[in-house]
Structures are given as C-alpha cells and as structure tokens.
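**Q** Structure provided below as structure tokens; questions to follow.
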Amino acid sequence: MNTFHTIKGLRDALAAERAKGHRIGLVPTMGNLHDAHLELVKVAHQHCDVVVTSIFVNALQFGLNEDWDRYPRTIEDDMRKLGSVGCDYLFHPDDVEMYPNGLVDQTRVVCPTMTDVLCGASRPGHFEGVTTVVTKLFNIVQPDLAVFGIKDFQQLAVIRRMVEDLCMAVEIVAAPIHREPDGLAMSSRNSYITAAERPKVAVLHDTLQWMAERIRAGEKNFPALEVEAGKRIEAAGFRVDYLAVCNSRNLEPAALDDCHITLLGALYTSGARLIDNLSLTLDERG
Ligand code: PAF
C-alpha cells in the first residue's frame, strides 16, 4: 500500500492509474478502523481496480464539546489492517493540507433541511462539516465511486442528495451494517462504552427490530410507537436522543402510504452517543 500525506502526491499517483484505464474507488474514513471499515474496502474492490482509503479526523464536523481531540488516532494499526485487505493507496493528510486557510474561513457545502433533523438536531454543523470534507475528498481523488456504510444512514442520504444536487460525477455505493454477535452496530465510538454498559447497549438494535415487527403487524401510529420505543431504551438505563420512523429517501416523518421506511435511533451512554437504523420495504399499504 502506498501512503500519501499530500494532495499533489496522491493526485500524481492516481493520474498514472487513470492513464492505465483503472477505475478508482474511495473509502473515506476517520481511522480507528474496525472490521466494518475493512468491509467498505472489500466492497470498493468489487467495483474498482484501485482503492484509495482516506484517514482524516475532520475537525470541521465535530462540535465544540465533542470528541475531536480524544478521537482515537491509531494510524499504525490502521495501516496494517488496510494492508491486510489489499487497499492500494492511503491518503492521510494533516489539518494544514486539508484546511490551508483554517476552519473559520473554509468554503462550506451545505445540504439544507435534511441535515436539521435526527443527528443534525443534536449535532449542529456536523453534516456541513461532513459534506464539505467529502466534497474536498471527491475533488482530490476524483473517484469513479465512493463507498459509505449504511450504519450512518443520515450521512449516506445527505451525501447522495449532495451528489445529485451538485451533479458530482461519482457513484455512491452503500455497504451493509456490520454487527457484533449481540446486534450492536460496529462503530469507532464503541470503544467509549464502559464494561458495565456493554451488555445493555444492544437494546438499541433490539428496539428497532421491535418497532419493525410492530409496523409489519399493522401499527400505524408512528409517534406513539416512537414514545413506547423510547421507554424500552430508558428502561435499559440510557437516555434517548431520538427514535424516528422516517421516509427512507428524504428522512421526513414517514407517511402512512410510504413503502420505503427507515427506523433510526440514537442513545447516549455515559461516554458515547450510539446510532443505528433498520430499513423496511412494505407492500402497498392501506
Ligand atoms: O463517516 C465518517 O467516518 C466521516 O463522517 C467521513 C465520511 C469520513 C467524513 O469525515
């Protein structure tokens, strides 16, 4: 695997790949890689000749009181893992390379409305930071496709919308959620879960499954279902950020005749905020 810290170095290497007619796939990450990230690389390989993984802990998407400074930086381990799945290029820039004019004056990419809800409601500015850095990564790498995990469902929906709205010439591929044996979705932030909390956090996934069963059985009162679901999470000892039954495409509250529904949830442990989701396709509904 070739590692580049500068935009120019990476661009020169990728120009040579493009000249050979190679298709380029991008897997954007913030490092602290786990098996779910490695699956993204494998998915990219299925579609492309050459895979670039970026590792950049993007300050622009962290709020003032969030964990940017304590976010685990595990580059040696990450490089070993990426090598084990045949990643071709690692792009690992520093803050000055990515934001030479500083954060305050950085030009931003904003996807309105769908970033104000769910995670966006409790993390103001977060998605603006994501869409801005992802746009920069797309401009730097100019990939044929980019792979994002379904675990960050709102992020995936926002990026799809950005690509559509701004006519970006990149195909977005969604990779499935990877789970621990008890159902907990894999996430870099799972390392913040305490030993005492760990046996209980699968309540988020269990609750989304329970909501899905209720909807499949004909439940139509989604707001009441969200409240009941919240009580299950609280009974396990966690504070709910949100539980929502949404239209899968625009993330608005699901209408009774929506066939593509996504259930999204977020809870707070003592040191982490965990998210998960589950999508349902329902037959024409009456
Ligand atoms: O999902 C992430 O890890 C980040 O939000 C991303 C897409 C790498 C942008 O910093």
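**Q** Quickly run through the range 119-152 and pick out the residues that are assigned to a helix (DSSP H, G or I), buried (at least 20 other Cβ atoms within 10 Å of the Cβ) and of a type in the set (A, V, I, L, M, F, W, C).
**A** Once the filter is applied, which keeps residues that are assigned to a helix (DSSP H, G or I), buried (at least 20 other Cβ atoms within 10 Å of the Cβ) and of a type in the set (A, V, I, L, M, F, W, C), the range 119-152 yields Cys119, Phe127, Val130, Val133, Val134, Leu137, Phe138, Ile140, Val141.
**Q** Look through the range 39-58, keep the residues that are surrounded by fewer than 19 Cβ atoms within 10 Å (Cβ to Cβ) and either part of a loop (DSSP other than H, G, I, E, B) or free of Cβ contacts under 8 Å to residues at least 60 places away in the same chain (or both), and return whichever of them is farthest from the ligand (Cβ to nearest atom).
**A** Among those residues, the one meeting the criterion is Asp49.
**Q** Do we find a residue being touching a helix residue (DSSP H, G or I) at 6+ places or on another chain (Cβ under 8 Å), of a type in the set (D, E, K, R), assigned to a strand (DSSP E or B) and closer than 29 Å to Tyr71 by Cα anywhere in the range 173-195?
**A** yes
**Q** Can you tell me which residue in the range 77-128 is nearest to Gln142 (Cα to Cα), limited to those that are among the aliphatic types (A, V, I, L, M) and within 18 Å of the chain's Cα centre (by Cα)?
**A** Val109
**Q** Looking only at the range 199-245, which residues are in contact (Cβ under 8 Å) with a residue 24 or more places away in the chain, closer than 21 Å to Ser187 by Cα and not in a helix (DSSP H, G or I)?
**A** Scanning the range 199-245 gives Val201, Ala236, Gly237, Phe238, Arg239, Val240, Asp241, Tyr242, Leu243, Ala244.
**Q** Evaluate the range 84-106: report whether one residue or more is free of Cβ contacts under 8 Å to residues at least 24 places away in the same chain, within 12 Å of the ligand (Cβ to nearest atom) and either crowded, with 21+ Cβ neighbours inside 10 Å or not in a strand (DSSP E or B) (or both).
**A** No - not one qualifying residue is present in the range 84-106.
**Q** Look through Leu156, Leu145, Leu208 and report the one residue that is more than 16 Å from the ligand (Cβ to nearest atom) and not β-branched (Val, Ile, Thr).
**A** It is Leu208.
Taken together, the values in this text are just the output of simple stated rules run on the coordinates, not laboratory data. Nothing here was measured: the structure is a model prediction, and the numbers come from that model. Methodologically, a virtual Cβ is constructed for each residue, glycine included, from the backbone with ideal geometry; neighbour enumeration extends over all protein chains shown.
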